[in-house]
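In what follows, a structure is listed as structure tokens, so that the remarks can point back to it.
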Amino acid sequence: MSNSITRTFHSEGAELRFVKGAFESPGPATVRVRLRVPVLAGESPSPLERVATAADLGNGVSSPLSYGDWLFINPDLTIHVSRLPVGEWVGLEWRTLAEPQGIGISESRLWDEKGPIGRSLQSLLIDRLALDCFGPCGSRDRTEPDNVPTGATVAGALLVGGTMTNHNDWNQKIIDEFRSAGGKLGGQFTGAPILLLTSTGAKTGQKHTTPMMYFADGDRLVVFASKAGAPTNPDWYRNLLAHPRASVEVATGTFEVQAEVAGREERDRLYAIQSERYPGFAEYQEKTTRVIPVVILRRVAP
């Protein structure tokens, strides 16, 4: 199991064997599950406890969204069984559907060594963890930020009213709202200092616009390649390394900038300021072994 998976009962109290998929691979998964430890100390797990433990894993093994960027709450779990499982292992075939309204659903077929035993269903409440990265920037990253195939089982793909969409569509809604509202966003982003950074793709040479948090340090704009503490840097950061010239949109206008990665001493100073203002950034650094880069954007003459 990947070291990036948080230590929990489901990662250490249960043994998972993937037939299809993986924790950090998006989309449907087929998994066999058995308890390593009893649910109650000193008592052997009952068949019902075994099937409930397995059913509760649904979204965890089949989510199409990155755990680095998204928070999932399972307010309920419904299990229907035609009989109790035989043996230690319970099998699941899971898929999760997420919608941009912040809701989702996970459903599975349950089986054991003798065949099907029932089905389970989880309701999901979904929200973003990170304010510095609005686009597809989780641990399941891609070469370029706009290279997102459609389909319910692909990273960032969403099912909306029977029509496939993806993070690009959601990202574009944020950009459109920003531009139509004069550089302001509502909802969970109300009051957050946001800019739109348009970078040039490191490999494609295409333009990519990404909303992100910033703060002003004198006449410089400072942004953070946190990617919510994921193990790799975001695409826009790699783009700036290849093409430091970019453009920025803020509430007061649009202008060209030259990007520069802050040296370690200045990086630490600036990151400390951001972490004090938004403690989530301190948590991002704690989650990853990489030193999260800080990028300084200097305005240049047109």
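The values are calculated or read from the model by the stated rules, or taken from the named source; none is laboratory data. These numbers come from a predicted model, not from an experiment. Neighbour counts are summed over all protein chains in view; Cβ atoms, including those assigned to glycine, are modelled from backbone coordinates with ideal geometry.
Within segment 26-43, residues that are in a strand (DSSP E or B) sit with their Cβ atoms under 6 Å from residues that are small (G, A, S), at 6+ positions apart or across chains, in these pairs: P26/A155; P28/S62; A29/G21; A29/S62; R32/G91; V33/A14; V33/A54; L35/A14.
Scanning segment 202-214 for residues that are of a type outside the set (F, W, Y), over 18 Å from the mean Cα position of the chain (by Cα) and within 20 Å of R299 (Cα to Cα) gives K207, H208, T209.
For the residues E256, E283, E249, E260, the requirement of being in contact with a helix residue (DSSP H, G or I) (Cβ under 8 Å, 6 or more places away or on another chain), of a type in the set (D, E, K, R) and assigned to a strand (DSSP E or B) singles out E249.
The single condition among (1) of a type outside the set (S, T, Y); (2) in contact with an Asp or Glu (Cβ under 8 Å, 6 or more places away or on another chain); (3) surrounded by fewer than 16 Cβ atoms within 10 Å (Cβ to Cβ); (4) within 20 Å of K203 (Cα to Cα) that E260 does not satisfy is (2).
Within segment 78-126, being surrounded by fewer than 20 Cβ atoms within 10 Å (Cβ to Cβ) and not in a strand (DSSP E or B) holds for S82, R83, L84, V86, G87, E88, W89, P100, Q101, G102, E113, K114. In the set (1) out of contact with any His (no Cβ under 8 Å at 6 or more places or on another chain); (2) in contact (Cβ under 8 Å) with a residue 60 or more places away in the chain, E265 fails one condition alone, (2).
Could you grab me the full set of residues in segment 246-302 that are among the charged types (D, E, K, R) and within 27 Å of A181 (Cβ to Cβ)? Within segment 246-302, E249, E256, R277, R298, R299 qualify. Go through the residues of segment 62-71 one by one and say whether even a single one is at pLDDT 80 or above and surrounded by fewer than 20 Cβ atoms within 10 Å (Cβ to Cβ). The answer is no, given that none of the residues of segment 62-71 is at pLDDT 80 or above and surrounded by fewer than 20 Cβ atoms within 10 Å (Cβ to Cβ).
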